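Peer 1: Please find one structure pasted underneath; my questions will follow.
The values are calculated or read from the model by the stated rules, or taken from the named source; none is laboratory data. Keep in mind that what you see is a predicted model, and the values were worked out from it rather than measured. Cβ placement follows ideal geometry from the backbone for every residue including glycine, while neighbour counts extend to all protein chains displayed. For the accessible areas, the whole protein counts, side chains as well, though only heavy atoms, and no ligand, DNA or RNA atoms are used. Shrake-Rupley method; radii C 1.70, N 1.55, O 1.52, S 1.80 Å.
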Amino acid sequence: MKKLTLHEKYTREDVHEIFDGGITKFTAGAGIWGLHGIVRIPNRAHDYVFFVTIGQDKLGLTFKESLTEDGVLTWQSQKKHTLEHKQIIEFINHDHTKHNIYLFLRPSKKQKEFRYMGRLAYVDHDTTLENPVHFKWQVLEWNDEEKFEEIKIDAIEGNNDQSQNSLIETNAPERRERKTRKRTFTSSKTDYVARNENNTKLGLSAELLVLQYTKEQLIKAGRTDLANKVVHTSVVEGDGAGYDIQSFKPDGTYLYLEVKATKGGLNSEFFISPNEISYSEEYPEQYQLIRVYDYDIKNNSGKFYKIEGNLAEKLQLKPTQYSARV
């Protein structure tokens, strides 16, 4: 039996053997494992395998699956699926920390083998389209340095209409809820593009943009004296202060800015530390979360919104890891 290895190639039969060996019989070109694009793994209620062919034309429908340079997969469900379909609701609520969706990708139907790209995390779905439903997923094990010559990259997404070295302020997102099968849920949106090193570089670039922006705003308010006193705390002291930039309001009151940046869109999730939450609770009148999104590395630009005050009251927080001992 072949072992599951990132970026290796596998036939449908290979994948069946890994996830379903000895439970069901594999039949080439037929059955769930031999034909379907969405396969539920036996005895694992919420785990799936996705077989994806870029640009596949099936049943008179042109699929527009694509993979961006940031590892975001644009994917369409089966044509029969509506937004109310039980499986679609399950995908929208997919929690990658508890359950797995394994992506196997190939550039054309001519190739029998699929390349294993890693596990997926839900990012977004189009609430206006169904039959099929359109999703965006993040490849969790994505590596920006990897070159997949045999995979056709059909679409490189990016916001290139912003000027360089700039920030555009927008409104914060509103809480969105929709009812499905007599229950409500809020679609979680996740941005898992970068790992620690990439996150650090992105975060620093965004902080420098915010630093520039807050100084410009003070100068426009006639407080050049205060602009000259703004401190990039995370650089001077390192992480741990509970904020990234020590700035001022035009009246001279201290203002503590915490910058959170992602390449993802308005509703992308982000990580925040207990220390940052605690500091916002202690200084709610002077604390601002500057949420930079749609960050474009090439142009060093993005959009942002502000959240002021006690973040514990303003954000939906969920634990992502635990400290444990026996």
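Peer 1: Could you please tell me which pairs satisfy a Cβ distance under 7 Å, a separation of 6+ or placement on different chains, a first residue in the range 234-254 that is on the phi > 0 side of the Ramachandran plot, and a second residue that is open to solvent by less than 70 Å² (accessible area, probe 1.4 Å) and of a type in the set (D, E, K, R)?
Peer 2: Within 7 Å, the pairs are GLY242/GLU276.
Peer 1: For the range 195-204, enumerate the residues that are open to solvent by 40 Å² or more (accessible area, probe 1.4 Å) and not charged (D, E, K, R).
Peer 2: ASN196, ASN198, ASN199, THR200, LEU204, listed by residue number.
Peer 1: Could you list all residues from the range 35-74 that are in a strand (DSSP E or B), under 23 Å from the mean Cα position of the chain (by Cα) and modelled with pLDDT under 90?
Peer 2: Passing the criteria: THR53, SER66, LEU67, VAL72, LEU73, THR74.
Peer 1: Let me ask something else. Which residues, counting only those in the range 1-57, are free of Cβ contacts under 8 Å to residues at least 12 places away in the same chain and closer than 19 Å to TRP75 by Cβ?
Peer 2: ILE32, LEU35, ARG40, ASP57, listed by residue number.
Peer 1: Same structure again: For the subset of the range 254-271 comprising residues that are of a type in the set (S, T, N, Q) and open to solvent by less than 50 Å² (accessible area, probe 1.4 Å), which member is farthest from THR127 (Cα to Cα)?
Peer 2: The selected residue is THR262.
Peer 1: Being charged (D, E, K, R) and out of contact with any Asp or Glu (no Cβ under 6 Å at 6 or more places or on another chain) is the filter here; which residues of the range 200-245 pass it?
Peer 2: LYS201, LYS215, GLU216, LYS220, ARG223, ASP225, LYS229, GLU237, ASP239
Peer 1: Now for a different question. State all residues of the range 107-126 that are without any contact (Cβ under 8 Å) to a residue 60 or more places away in the chain and open to solvent by 30 Å² or more (accessible area, probe 1.4 Å); if no residue qualifies, say none.
Peer 2: Passing the criteria: SER108, LYS109, LYS110, GLN111, ARG119, ASP126.
Peer 1: Next question. Filter the strands (runs of 3 or more DSSP E) completely within the range 77-153 down to those with at least 3 residues that are farther than 14 Å from GLY37 by Cα and modelled with pLDDT of 90 or more.
Peer 2: Hits in the range 77-153: 114-125, 134-139.
Peer 1: Follow-up. For the range 1-34, what are the residues that are of a type outside the set (A, V, I, L, M), in a loop (DSSP other than H, G, I, E, B) and within 31 Å of the chain's Cα centre (by Cα)?
Peer 2: LYS2, LYS3, THR5, HIS7, GLU8, THR11
Peer 1: Of everything in the range 271-323, what is among the basic types (Lys, Arg), touching a strand residue (DSSP E or B) at 6+ places or on another chain (Cβ under 7 Å) and without any contact (Cβ under 8 Å) to a residue 60 or more places away in the chain? Give them in sequence order.
Peer 2: LYS314
Table: residues versus (1) surrounded by fewer than 18 Cβ atoms within 10 Å (Cβ to Cβ); (2) within 21 Å of ILE277 (Cα to Cα).
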| residue | (1), (2) |
| --- | --- |
| GLN212 | yes, no |
| LYS215 | no, no |
| ILE219 | yes, no |
| HIS232 | yes, yes |
| VAL235 | yes, yes |
| GLY242 | no, yes |
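Peer 1: Among residues belonging to the range 272-312 that are charged (D, E, K, R) and under 23 Å from SER247 (Cα atoms), point out the one that is surrounded by the fewest Cβ atoms within 10 Å (Cβ to Cβ).
Peer 2: Here the residue is GLU285.
Peer 1: Right, GLU313: over 20 Å from GLU169 (Cα atoms), modelled with pLDDT of 90 or more and within 25 Å of the chain's Cα centre (by Cα) or not?
Peer 2: Yes: the conditions hold for GLU313.
Peer 1: Further question on the same structure: Name the residue, out of GLY264, GLY242, GLY252, that is outside any strand (DSSP E or B), over 25 Å from the mean Cα position of the chain (by Cα) and of a type outside the set (S, T, N, Q).
Peer 2: Unique residue meeting the criteria: GLY252.
Peer 1: Now for a different question. Determine, yes or no, whether ASN228 is out of contact with any Ser or Thr (no Cβ under 9 Å at 6 or more places or on another chain) and either open to solvent by 60 Å² or more (accessible area, probe 1.4 Å) or modelled with pLDDT under 90 (or both).
Peer 2: Taking the combined requirement at face value, the residue satisfies it.
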